[in-house]
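The numbers here are math on the coordinates, done by the rules we state, and not lab data. Quantities reported herein were computed from a predicted structural model and do not represent experimental measurements. Because the Cβ atoms are built from the backbone with ideal geometry, glycine has one as well, and the counts that use them run over all protein chains shown.
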Amino acid sequence: MRIAIALLLITFAASATAMDSAAKYAVWGVGSKACFSYNKDKKAGNGQKYLDYVMGYLTAYNTFTPETYSISGRMDLDAVEAWLDHYCGKKPVNSFDQAMIDFIHDHIKSRYRVAPLSSH
C-alpha cells in the first residue's frame, strides 16, 4: 500500500510541474537562494523580498494548476510565512524554491479547489 501511494505521489509530482526534457527549469530571484539565506535575511529585517517571491509563486501556481483556486487553502500570508520559518529552520541547506515545492506538496489536499462562498 505504501508503495502504491508513493508511486501515485511521484506520478502527481512529475505531472504537476513543468520543466525541460532534462527535468530542469530556471529559478529566478530569491528562489535560488538557500533557506539559510532566508533565515539570515529575516533576522536582519530583510525578509520582504521572500514574501514577494512567495506571493508571486503561489499566484502563478493558482493560475496554472487545474482545480486550484488557492493552494494555501485557509492559510493567510502570515501562516504561510510561519510554515516557511519552520521548514527553513529545519532544512537550511534546501533552496527557497524547494521550500515552495514542498509547501505545495504538503498542502495540495487542503487547497481550495473553488473560491469559498463569500458572506456578501
*Distance in nm between label sites at THR65 and ASP78, each 7 Å beyond Cα in the beta-carbon direction?*
2.4
*Starting from the Cα of LYS43, draw a straight line to each of the lysines and keep only those under 22 Å, dropping any in the same chain fewer than 8 residues away.*
LYS33, LYS90, LYS91
